[in-house]
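Notes follow once the structure below has been shown.
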Amino acid sequence: MKKPIITFARWGNYTIAFKTLFEQLGLEVIPPEKTNSETVAAGAKIAPEMFCFPMKVTLGNYLPALERGANTIFMIQNVGGSCRQRYYGVIQEKVLKDAGHDITLLDFRATPRDIYRKIKEITGASFWQILKTVRFSLRELRLIEKIEKMAQFYRPREIKKGTTDRTLQESLLKIEELKEEKAFPKLKKEVLKSFFGIPIEKNKKTPKVALIGEIYTVCDPAINFDVESKLGKEGIEVYREMDLTYHIKKLIFPWKDWIIQRKINPYLGSTVGGHGRDAIYEMLHYVEKGFDGIIHLLPFGCMPEVTIRPILEKIHLESGIPFLSLSLDEQVAEAGINTRLEAFVDVVKNHHEYKIS
Ligand code: SF4
């Protein structure tokens, strides 16, 4: 058997924690290439045309890593819900082999037992070693989510524009450079301190906009054209509940779906796959909380999100909350997104001012 050289699906800032997981297990890793217009175009070129945008993007991220010597791809399938994500592994393997890449695709179900078995099979690591590594990687992941949320709060209040984004990038770099778990508490303190040191207008009242939609698109700034940062710099505080921790919690506590379904019953009586129901639930919640706007992000052709979009529009018409739905794929240009965001920001600010006056 050839020596595995690992690459894996890139996903926003979480990529740092995924890389830690494989490296700490002693595997040779070639991280997936950062998402950019070239990788997206390369992925879209070999992927089935009508398949989901995230699958095309991750394919494009693998390609440079494969050229640099990676021969094994880790791909989690069936991460809960019922949508095309469960076929990613099979299709990516076929597409890459058809394109002439001699790869092994480790495609496994997202259950703790399956993940453990696969990691054990490839690394030979002991149970405790795997447990310790998973814990380290999860601690990084939680810190990444925490500083992303802090950035959402600091951006619209910062006195010097760009300070928050710079602090965020420097912090992510420090997390990426961390090699030992024992240094984690010190690093965490340092990172949080750097955020607390950002000069801000503490009492500034900012309009609030929530991001809802498909999890991969909502959490990856390279896919959504860094919409959080753009809104923040316009003085808007962004909220986003959908992240990996939210999803993991739902896998551990499945009754959350029952709570969601109860709330959305007047609008939808069944599941539509993916996080379709969650988006309706979140929108109703944000309307109740008096938010000033909702942005719905979805990959073009994402069945769950396309199905529930008319429901979100209905809630928008009933409540009067400003609403923007952005469908993204390889054809979408950043300039077009910027124009729509600019117009939406004006609507949100007017809505906010009207409310407080
Ligand atoms: S949620 Fe949508 S985009 Fe994501 S895998 Fe499922 S169908 Fe595709």
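The values are calculated or read from the model by the stated rules, or taken from the named source; none is laboratory data. Quantities reported herein were computed from a predicted structural model and do not represent experimental measurements. So basically every Cβ, Gly included, is an ideal-geometry build from the backbone, and we count neighbours across all protein chains shown. Areas reflect the complete protein model, heavy atoms only, side chains present, ligands, DNA and RNA absent. Shrake-Rupley method; radii C 1.70, N 1.55, O 1.52, S 1.80 Å.
Below 8 Å, C-alpha to C-alpha, sequence gap of six or more: please give me the relative contact order for the chain in percent. Before the final figure, lay out each step's value.
Values: 510 pairs, mean separation 58.3, N = 357.
Result for the chain is 16 percent.
Where in segment 231-294 are there trypsin sites (Lys or Arg not before Pro) that are in a DSSP coil and have at most 11 other Cβ atoms within 10 angstrom of their Cβ? Mind showing how you got there, number by number?
Details: sites: LYS233, ARG240, LYS249, LYS250, LYS256, ARG262, LYS263, ARG277, LYS289; in loops: ARG240, LYS289.
In loop regions of segment 231-294 (DSSP not H, G, I, E or B), the sparsely surrounded trypsin sites (Lys or Arg not before Pro) are LYS289.
With a ≥ b ≥ c taken as the square roots of the eigenvalues of the C-alpha gyration tensor of segment 288-348, please select rounded if a/c is under 1.5 and otherwise prolate if a/b is larger than b/c or oblate if it is not? Walk me through the numbers on the way to the answer.
Working: a/c = 2.89, a/b = 1.21, b/c = 2.40.
Cα axes put segment 288-348 in the oblate bin.
With a 1.4 Å probe and all protein chains kept in place, how do TRP11, TRP258 rank by accessible area, largest first? The partial results should precede the final answer.
On the way: TRP11 35, TRP258 160 Å².
Result of the area sort, largest leading: TRP258, TRP11.
List the DSSP H helices in the chain whose Cα atoms stretch 24 Å or more along the helix axis and whose mean Kyte-Doolittle hydropathy is at least -0.5. Walk me through the numbers before you get to the answer.
Working: long enough: 127-154 (40 Å, -0.05); 303-319 (25 Å, 0.02); 334-356 (32 Å, -0.45).
Passing helices, by number: 127-154, 303-319, 334-356.
Just need the relative contact order of segment 120-231 here, percent rounded to a whole number, with Cα pairs under 8 Å and 6+ apart. Present the calculation step by step, with values, prior to reporting the outcome.
Working: 58 pairs, mean separation 28.9, N = 112.
That works out to 26 percent.
For segment 147-186, state which GluC sites (Glu not before Pro) are in a DSSP loop and have at most 14 other beta carbons lying within 10 Å of their beta carbon. Working shown, then result.
Values: sites: GLU148, GLU158, GLU170, GLU176, GLU177, GLU180, GLU181; in loops: GLU180.
Filter output for segment 147-186: GLU180.
What is the distance, in nm, between label points placed 7 Å from the Cα along the Cα-to-Cβ direction at ASN265 and at ARG340?
About 3.4 nm separates the two model spin labels.
Considering only Cα-Cα distances, which of the following residue pairs are longer than 31 Å: LYS3/LYS56; LYS160/LYS189; LYS97/LYS182; LYS3/LYS149?
LYS97/LYS182; LYS3/LYS149
Rounded to the nearest 0.05, what FRET efficiency is calculated for SER319 and ARG117 with R0 set to 56 Å and r the Cβ-Cβ distance?
Values: r = 47 Å, r/R0 = 0.84.
Calculated value: 0.75.
Once you sort the root eigenvalues of the Cα gyration tensor of the chain as a ≥ b ≥ c, which label holds: rounded (a/c under 1.5), prolate (a/b larger than b/c) or oblate (the other case)? Let's see the in-between values first.
Details: a/c = 1.68, a/b = 1.35, b/c = 1.25.
Because a/c hits 1.5 or more and a/b exceeds b/c, the chain counts as prolate.
Using amide H atoms built in the peptide plane, which far-off residues or other-chain residues are under 5 Å from CYS83 H to H?
GLY274
Gain in length, PHE184 to LYS202, computed as 0.36 nm per residue apart minus the alpha-carbon separation, to one decimal in nm?
Working: separation 18, 0.36 × 18 = 6.48 nm, distance 2.91 nm.
So the chain would gain 3.6 nm between PHE184 and LYS202.
Kindly report, to the nearest 10 Å², the accessible surface of ASP346 as traced by a 1.4 Å probe over protein heavy atoms only.
Probe radius 1.4 Å; accessible area of ASP346 about 90 Å².
Determine the calculated [θ] at 222 nm for the chain from helices alone, applying -39500 (n - 2.57) to every DSSP H run no shorter than 4 residues and normalising by the residue count; nearest 500 deg cm²/dmol. Each step should come with its number before you reach the end.
Values: 15 runs with 198 residues, N = 357.
When only DSSP H runs of four or more count, the value is -17500 deg cm²/dmol.
Quote to one decimal, in nm, the extra length available between GLU23 and THR245 on full extension: 0.36 nm per residue of separation minus the C-alpha distance between them.
77.7 nm
Counting other Cβ atoms within 10 Å, which trypsin sites (Lys or Arg not before Pro) in segment 29-123 have at most 14 and lie in a DSSP loop? Working shown, then result.
Details: sites: LYS34, LYS45, LYS56, ARG68, ARG84, ARG86, LYS94, LYS97, ARG109, ARG113, ARG117, LYS118, LYS120; in loops: LYS34, ARG68.
Passing both the DSSP loop test and the Cβ count: LYS34, ARG68.
Hey, which of these cross-link pairs are over 21 Å Cα-Cα: LYS146/LYS186; LYS94/LYS249; LYS45/LYS118?
Values: LYS146/LYS186 16 Å; LYS94/LYS249 32 Å; LYS45/LYS118 30 Å.
Over 21 Å Cα-Cα: LYS94/LYS249; LYS45/LYS118.
Tally Lys/Arg at +1 and Asp/Glu at -1 over every other residue whose Cβ is under 12 Å from the Cβ of PRO64; what's the total? Write down the numbers at each step before the final one.
On the way: positive: ARG10, LYS34, ARG68; negative: GLU33, GLU38, GLU67.
Net charge around PRO64: 0.
Which of the aspartates and glutamates could a cross-linker bridge to LYS349, judged by Cα under 15 Å and excluding same-chain residues fewer than eight apart?
GLU234, GLU237, ASP292
Between LYS289 and TRP255, what length in nm is gained on full extension when 0.36 nm per residue of separation is reduced by their alpha carbon distance?
Numbers: separation 34, 0.36 × 34 = 12.24 nm, distance 2.32 nm.
Taking 0.36 nm per residue and subtracting the Cα distance, the gain is 9.9 nm.
Can you classify segment 26-120 as rounded, prolate or oblate using the Cα gyration tensor, where a ≥ b ≥ c are the square roots of its eigenvalues, rounded means a/c under 1.5, and otherwise it's prolate if a/b beats b/c and oblate if not?
Oblate shape, in that a/c is at least 1.5 and b/c is the bigger or equal ratio.
Net charge near THR133: determine it from the other residues with C-beta under 13 Å of the C-beta of THR133, scoring Lys and Arg +1 and Asp and Glu -1. Working shown, then result.
On the way: positive: LYS19, LYS120, LYS132, ARG135, ARG139, LYS179; negative: GLU23, GLU140, GLU180, GLU181.
After counting each charged neighbour, the total is +2.
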